[in-house]
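**Student:** My questions all concern the structure below.
FYI, it's all coordinate maths here, none of it is from the lab. Not measured: the values here are computed from a predicted model. With ideal geometry, Cβ positions are generated from the backbone for all residues, glycine too; neighbour counts draw on all protein chains shown.
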Amino acid sequence: MEPASSSNPDFTSVDGAAVVEGFDHSVDEISAKVDTLEKRVNEVERFYLTTGNPHLPTSKGVAVVKDKQLTASKKQQQDASRREAAATKRMQELMRQFSAMFRQITKLEWAWPFMNPVDVEGLGLHDYYQVIEKPMDLGTIKNRMEAKDGSEYKNVREIYADVRLVFKNAMKYNDEGEDVYVMAQSLLQKFEEKWLKLLPKVVEEETRRADEEAEARRNMQLSQDAAYASTAKDLSNELFEIDVYLRNLRQTVVQKCRKMSSDDKRKLGTALSQLSAEDLSKALEIVAQSNPNFQATAQEVDLDIDAQNECTLWRLKVFVKEALKVQGKSPEAIGGKVQGKISEAIGGNKVAGSKRNREICDTLAKTAVRRTKKISNM
C-alpha cells in the first residue's frame, strides 16, 4: 500500500476531484482491512482468555513458544507412528493373553451351560428379561473377539466385564444352591484368579496410554499457543504498518490541500463557537495534539485560529462539520463538498471505527468539565 503523491493540485478542479476519489478509495480499503484485523485480534484475545492467560505474548515469548512448538511438532511427527505401532502391539499381546485365559475357562467341565444364549422360550423362563437387564454368554463373547474385521472390544477390560456378566446373570436369576448358581460361582472364582495375574499388565498399559494421551494434549496446546502467538505477532506488525500508512496518508492529504483562506478561518471560528461544550472540548484536544504547550483542559482557553498549522485547521474543519451535523445545524459554513472528502481522508468517519488508529480519528476522550473558551482569528 503506497502513499499518494505529494504534489499540490487544486482540489476544486476536475483533476483535484479525481485525486479526492483516490484518497476516498484508499480510506475505504484501509477501513475494510482494519475491520478484518480487529476480528483477528478479537479471536486471539478470546483464545488467551479461555486458556487462562489474559496477556498477549511478547515478541520474545512468541519466539520461545514457536521454537518449542517446532521442536515438539518434529518430535511428534517422528514418534507418532512408532508409538501407535508399539501401542497396537502391546494391546494385541494383552488380547492374546486374555484369549488364552478365556479358552481355559471355556474348556472347564461346567462351562457348557454358559456357551450359548439362554433359551428363554424353550425353558419357559417368562420372567427372565424382567430380572436380567443385559443377557450375555461366552459364545457371543468369543464371536466378538474373533470378528473378521477385528475385535469388537477396544480393550481387555471390556471383555473382562462381559465374562463376569455371564456368571453374575446366572447367579442373579438362579437361587443360591441350585446347580447353575454353583457352576457359575465356581467358574467366576477361577476366572477372577486368572484375571488377577493379568491385571498388573493391564494397569501398566492403561497408565502408559493415559500418559501418552496427556502428552498429545500438551503438544496440541503447545501448537495452538504457537499458532496464536505467531498470529498475534503478525497482527502487531500489520497494525503498525497501517498506522504508518495512515500517518503518511494524512500528511500527504494535508500537503495537497490548498491553504485555508482568511475567510475559511473566520467561518471555522464561527462554527467552533456553535459547538456544544462537550464537542468544543474535543476540538480543543485536536489542537493540543499538534501543540503540546496548548492547555486544552485549562479553565479558560484562548484559541488563536491563525496560529494553527494547516493539518490542525483541516482536522478541526472536518470535526466541526460532523459535530454540527449531529447537532442538526447546517455545516455548509465549514467548507465545500470536495474539501470535506479530503478532510475525511485525514481522519473522518471512515477511519473512526478503527480502535488502532484513534490518534487520527476525531472521536476523543469526553470531559464533563465546563469551561470558558475564547476563540480568535484576528
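**Student:** Give me a comma-separated list of calculated 3J(HN,Hα) values for the range 312-326, in order, Karplus coefficients 6.51, -1.76, 1.60 applied at θ = phi - 60°, integers in Hz, x for any Gly or Pro.
**Tutor:** 5, 4, 5, 5, 4, 4, 5, 5, 4, 4, 5, 5, 5, 4, 5
**Student:** Across the range 162-170, in residue order, what do the Karplus-derived ³J(HN,Hα) couplings come to in whole Hz, using 6.51 cos²θ - 1.76 cosθ + 1.60 with θ = phi - 60° and x for Gly and Pro?
**Tutor:** Each residue's phi maps through the Karplus curve to give 5, 5, 4, 4, 4, 6, 5, 4, 4 Hz.
**Student:** What ranking do 179-192, 303-316 get when scored by the average of other Cβ atoms within 10 Å per residue, highest first? Walk me through the numbers on the way to the answer.
**Tutor:** On the way: 179-192: 16.6, 303-316: 18.9.
Per-residue mean Cβ counts within 10 Å order the peptides as 303-316, 179-192.
**Student:** Right, something else. Could you work out how much longer the chain between Q130 and E278 gets when fully extended? Use 0.36 nm per residue separation minus the Cα distance between them, nm to one decimal.
**Tutor:** 45.3 nm
**Student:** On a 27 Å Cα-Cα criterion, which of the cross-link pairs K168/K197; K33/K259; K259/K321; K267/K325; K33/K267; K33/K233 come out too long?
**Tutor:** Too far apart for the 27 Å limit: K33/K259; K33/K267.
**Student:** Still on this structure: Run down the aspartates and glutamates and flag those whose C-alpha is under 16 Å from the C-alpha of K142, throwing out any fewer than 8 positions away in its chain.
**Tutor:** E152, E158, D162
**Student:** Can you give the extra length, in nm with one decimal, that the chain gains between M220 and K172 once fully stretched, where that is 0.36 nm per residue apart less the Cα-Cα distance?
**Tutor:** Once the chain is fully extended between M220 and K172, it gains 12.6 nm.
**Student:** So, one more: Picking from M91, F191, V131, whose Cα lies most toward the positive end of the charge dipole for the range 63-224 (charges on Cβ: Lys, Arg +1; Asp, Glu -1)?
**Tutor:** Farthest towards the positive end: M91.
**Student:** Across the range 112-128, in residue order, what do the Karplus-derived ³J(HN,Hα) couplings come to in whole Hz, using 6.51 cos²θ - 1.76 cosθ + 1.60 with θ = phi - 60° and x for Gly and Pro?
**Tutor:** With the stated coefficients, the range 112-128 comes to 4, x, 9, 7, 10, x, 4, 7, 4, 6, x, 8, x, 8, 5, 9, 4 Hz.
**Student:** Using a Förster radius of 45 Å, what is the FRET efficiency between M91 and A32 based on their Cβ-Cβ separation? Nearest 0.05, please. Working shown, then result.
**Tutor:** Details: r = 54 Å, r/R0 = 1.20.
Rounded to the nearest 0.05, the efficiency is 0.25.
**Student:** Shape verdict for the range 63-224, please, from the Cα gyration tensor: rounded (a/c under 1.5), prolate (a/b greater than b/c) or oblate.
**Tutor:** Prolate is the answer for the range 63-224, as a/c is 1.5 or above and a/b outweighs b/c.
**Student:** Now, a different point. Consider just the alpha-carbon atoms of the range 94-174 and return their Rg together with their Dmax, both in angstrom.
**Tutor:** 13.4, 40
**Student:** Now, a different point. Using modelled backbone amide H atoms (1.01 Å from N, in-plane), which distant-in-sequence or interchain residues come within less than 5 Å of L303's amide H?
**Tutor:** K374, I375, S376
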